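So the structure is just underneath, and the comments pick up after that.
The values are calculated or read from the model by the stated rules, or taken from the named source; none is laboratory data. Fair warning: this is a prediction, and the values are worked out from it, not measured in the lab. No Cβ is skipped: glycine too gets one built from the backbone with ideal geometry, and neighbour counts run over all protein chains shown.
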Amino acid sequence: MTPDLAPQGALDRAWQRVADREAARLRDLFAAHPAPILPARAALARILAALILLGSAALTLLGLWLLLRALGLGGVSGGARVTSGLGAAPLLLFTWVARPRVPRVEGTPLPEAQAPQLHALVRRVGEAVGVTRPVHMVLSPDANAFMGLHGPRRTPVLGLGLALWYGLRPQERVALIAHELAHLKNGDPTRGGVVQAALNVLHQTVSVLWPDPVMEARAGLPEKLGNLILKGAALLPLGLIHLLLGLVGADQQAAEYRADLLAAQVAGSEAKAGLLDRLHMAHLLDSALHKQRHQPQRPDAFAEFRHMLDTLPPAQWAQVREEHARLRVRLDGSHPPTADRLRVVQAWPSEPLLTLSPEDAARLDAELQPFVAALEAAATEEYLYRTSG
């Protein structure tokens with residue numbers, strides 16, 4: 001999602017108009033039908049991603065072939081061996097550094113032994129959603145949540161931002177878990193498979209080619225010319241990244257709508273709408289961290305964040321909703337505007353299939369209490385880093 005900033009040029013404005021029409025079309029499709037038929041652009045993305053991975057594999061094979069020639073296999077002469085070695089070394093180094101990475105999920109592990117009731121709730125919600133795979137959990141200090149895949153076995157990992165968790169009412173927590181688990185059921189073109197692998201390779205390629213900013217600032221004329229050549233070479237993978245994301249953008253945003261609607265079926269549309277509404281106020285976490293640091297009135301910053309959400313004047317809620325209603329997205333944006341998501345959820349009212357009582361929610365809070373101090377410190381450190389310079 002990008003803020004409502006005026007595009008800089010005529011081409012930017014024209015491209016943004018296309019994105020605006022696409023976002024509105026997708027919103028109206030889901031408001032009219034919970035499972036609309038979407039264009040097949042994602043199939044083109046998978047074909048392009050497969051070609052990118054084949055190209056990466058071909059470069060690796062070429063490097064290996066040159067290495068074998070450099071080692072004297074094939075009866076090549078001494079000069080050809082040196083030439084092959086000079087070609088093999090940078091090529092194999094490049095393909096190694098730019099190789100696809102095993103997916104990793106960062107966060108504080110939350111094993112079942114330390115939070116049995118929360119794990120039980122996740123399993124119950126998973127059954128209601130239709131997800132039976134075991135799901136690991138990690139905690140983060142953010143006002144956010146995510147579903148990721150970890151390790152060579154692509155183990156599902158649910159990441160819960162403790163700030164967001166404490167800022168939600170009980171039924172909204174059910175909606176949060178249901179939404180993230182729904183991504184395992186519905187799929188997302190960039191969460192796994194060939195597109196994610198290709199994006200991984202392209203991002204690594206750009207990181208290899210793009211000059212280090214510190215070294216670039218100190219470079220002389222020869223180094224600046226070399227850096228300019230490297231930046232030119234990086235334009236191709238950068239362009240492919242934007243092309244891939246543009247092709248799967250509608251599918252990514254559709255995945256969010258599907259997850260919203262499935263979460264509304266499990267937790268109730270009112271709870272899901274409440275969750276989206278509270279996400280409008282995620283920025284208040286910074287205010288809570290600041291206040292807790294200078295004028296603490298509650299046990300921790302997460303409790304302060306929840307107090308702010310619970311006592312925010314209606315006029316301020318309305319103002320922020322209006323601001324978010326003007327937010328615009330790019331064609332490669334992974335999430336639709338929150339206002340559009342609210343409109344779709346409210347178009348399909350649902351009663352909850354699974355409820356979480358305030359008493360059970362309090363027991364879950366008690367389970368997570370031992371993690372509060374460390375994650376509050378991490379959130380404060382990150383906030384100070386962002387605001388210090």
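Side notes on the structure shown:
- Of the residues making up the stretch 82-111, those that are surrounded by fewer than 17 Cβ atoms within 10 Å (Cβ to Cβ) and farther than 23 Å from VAL138 by Cα are VAL82, THR83, GLY85, LEU86, ALA89, PRO90, LEU93, TRP96, VAL97, ARG99, PRO100.
- Yes/no for VAL82 being within 30 Å of PHE302 (Cβ to Cβ), touching a residue at least 12 places away in the same chain (Cβ under 8 Å), of a type outside the set (D, E, K, R) and not in a loop (DSSP other than H, G, I, E, B): no
- Annotation: THR380 fulfils all but one of (1) closer than 24 Å to ALA288 by Cα; (2) more than 25 Å from the chain's Cα centre (by Cα); (3) surrounded by 11 or more Cβ atoms within 10 Å (Cβ to Cβ); the unmet one is (2).
- Test: residue in the stretch 335-349 that is at pLDDT below 95, surrounded by 17 or more Cβ atoms within 10 Å (Cβ to Cβ), in contact with a strand residue (DSSP E or B) (Cβ under 8 Å, 6 or more places away or on another chain) and within 30 Å of GLN253 (Cα to Cα): yes
- For the stretch 164-173, the condition of being of a type in the set (S, T, N, Q), farther than 30 Å from THR95 by Cα and surrounded by 21 or more Cβ atoms within 10 Å (Cβ to Cβ) holds for at least one residue.
- Note on the stretch 139-151: residues that are free of Cβ contacts under 8 Å to residues at least 60 places away in the same chain and within 15 Å of the chain's Cα centre (by Cα) amount to 6.
- Only listed residue being of a type in the set (D, E, K, R) and at pLDDT below 90, chosen from ARG173, ARG218: ARG218
- At least 3 residues being more than 27 Å from HIS119 (Cβ to Cβ) and touching a residue at least 60 places away in the same chain (Cβ under 8 Å) is the threshold, and among the helices (runs of 4 or more DSSP H) wholly inside the stretch 175-280 those reaching it are 193-209, 221-267.
- Test: residue in the stretch 39-58 that is surrounded by 15 or more Cβ atoms within 10 Å (Cβ to Cβ) and free of Cβ contacts under 8 Å to residues at least 24 places away in the same chain: no
- Candidate set from the stretch 14-28 (those that are surrounded by fewer than 18 Cβ atoms within 10 Å (Cβ to Cβ) and among the hydrophobic types (A, V, I, L, M, F, W, C)); member that is modelled with the lowest pLDDT: TRP15
- Every residue from the stretch 65-81 that is surrounded by 13 or more Cβ atoms within 10 Å (Cβ to Cβ) and not aromatic (Phe, Trp, Tyr): LEU66, LEU67, LEU68, ARG69, ALA70, LEU71, GLY72, VAL76, ALA80, ARG81
- Every residue from the stretch 29-53 that is modelled with pLDDT of 85 or more and assigned to a loop (DSSP other than H, G, I, E, B): HIS33, PRO34
- Residue in the stretch 87-114 that is modelled with the highest pLDDT, counting only those that are aliphatic (A, V, I, L, M) and within 12 Å of ASN200 (Cα to Cα): VAL97
- Hits in the stretch 331-377 - residues which are more than 25 Å from the chain's Cα centre (by Cα) and acidic (Asp, Glu): GLU351, GLU359, ASP360, ASP365, GLU367
- Candidates VAL125, VAL157 - the one that is touching a helix residue (DSSP H, G or I) at 6+ places or on another chain (Cβ under 7 Å), aliphatic (A, V, I, L, M) and either within 22 Å of LYS185 (Cβ to Cβ) or loosely packed, with under 15 Cβ neighbours inside 10 Å (or both): VAL125
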